[in-house]
Amino acid sequence: MYAQTPITPIPENAIYSSLKAELGKKLFLEASLSKDGTVSCSSCHSLSTSGADSKKYSVGVDGKEISLNTPTVLNAALNFSYFFNGKAKTLKEQIALSISNHNEMDTTLDEVITKLEKSAYKTEFDAIYSDGLTQENFVDALSEFEKALITPNSKFDRYLRGDSSALNKQERLGYEKFQSMGCINCHNGVNLGGNMYQKMGIFIPYKQDKVLNGRVDITERDRDKFVYKVPTLRNIELTAPYMHDGQVKTLKEAIKSMREHQFGVTSNSKSIAQIEAFLKTLTGETPAILKGMK
């Protein structure tokens, strides 16, 4: 059935090394790895809720505010690049850049390894990796954990696999509107996003509350100003606030805003409610590696 649609279901089983991922999970929660020992990966990417942050802007070391809204880490392994401007091409690059970012963890891989060599983590690395604790293996363990953070079997995934009863009438109408109104042009693929870049404010300029330039900072091409990676819509009902700058507080507002800025049109409340109902069907199961966590 889903061979005829630009959206495909999330695989029911993530492929990753359990031993490496469990080690990566511990590291993801380890605040001592940051410069001042106060910030872990999970400080901004909450594993107990959405894999994102409920704040407009997350706070890193020394109380520094991060310049963009924190995207969810759930299903991040399905994205084609990382960060809103796509400056990292792989999970491993994303991890290394977050470690060194002055507003995030503000440290270096050398400093991280030095800390870990003096801890019980060294023994764990020695038991799992033939060459023990190295920068490459540290980043590898974290990336294996992120590979495990997929959320399969949403209502919409079950619908795509042939269960026509998985969606109610309102949700099916919402999916039809999602397609006919053009949302699917950018939000497609297995992650309903995360697989292309697009300009924010195609028809009506989007007013940012910070000086943010988008892909132009990476490519240095004028046409890439205000171009950002299209975010995933998976688990979208859990990841407010919305947009790259976190200005939009609710899902209804986000739908309305995107219609206006990207298509130059307004939507009536009925259409917005239907699309919202559809988007809520994209909430999947808790990743197996997180079950039982508080």
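A residue that is part of a loop (DSSP other than H, G, I, E, B), basic (Lys, Arg) and at pLDDT 95 or above occurs nowhere in the stretch 40-55.
Conditions tested, residue by residue: (1) part of a helix (DSSP H, G or I); (2) within 30 Å of residue 90 (Cβ to Cβ); (3) β-branched (Val, Ile, Thr).
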| position | (1), (2), (3) |
| --- | --- |
| 207 | no, no, no |
| 211 | no, yes, yes |
| 223 | yes, yes, no |
| 245 | no, yes, no |
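For the residues 118, 89, the requirement of being free of Cβ contacts under 8 Å to residues at least 12 places away in the same chain, assigned by TED's automatic domain parsing to the domain that holds residue 27 and under 17 Å from the mean Cα position of the chain (by Cα) singles out 89.
All conditions but one from (1) hydroxyl-bearing (Ser, Thr, Tyr); (2) part of a loop (DSSP other than H, G, I, E, B); (3) within 19 Å of the chain's Cα centre (by Cα) apply to residue 143; the one that does not is (2).
The criterion of being surrounded by 22 or more Cβ atoms within 10 Å (Cβ to Cβ) and of a type in the set (A, V, I, L, M, F, W, C) holds for residue 52. Only one of these conditions is not met by residue 18: (1) more than 29 Å from residue 215 (Cα to Cα); (2) of a type in the set (S, T, N, Q); (3) in contact with a helix residue (DSSP H, G or I) (Cβ under 7 Å, 6 or more places away or on another chain). Which number is it? In the conditions (1) more than 29 Å from residue 215 (Cα to Cα); (2) of a type in the set (S, T, N, Q); (3) in contact with a helix residue (DSSP H, G or I) (Cβ under 7 Å, 6 or more places away or on another chain), residue 18 misses (3) alone. The set of residues from the stretch 1-43 being among the hydroxyl-bearing types (Ser, Thr, Tyr) and closer than 30 Å to residue 163 by Cβ comprises 2, 5, 8, 16, 18.
The values are calculated or read from the model by the stated rules, or taken from the named source; none is laboratory data. Just so we're clear, the structure is a prediction, and the values are computed from it rather than from any experiment. Using ideal geometry, Cβ is built from the backbone for each residue, glycine included, and neighbour counts are taken over all protein chains shown.
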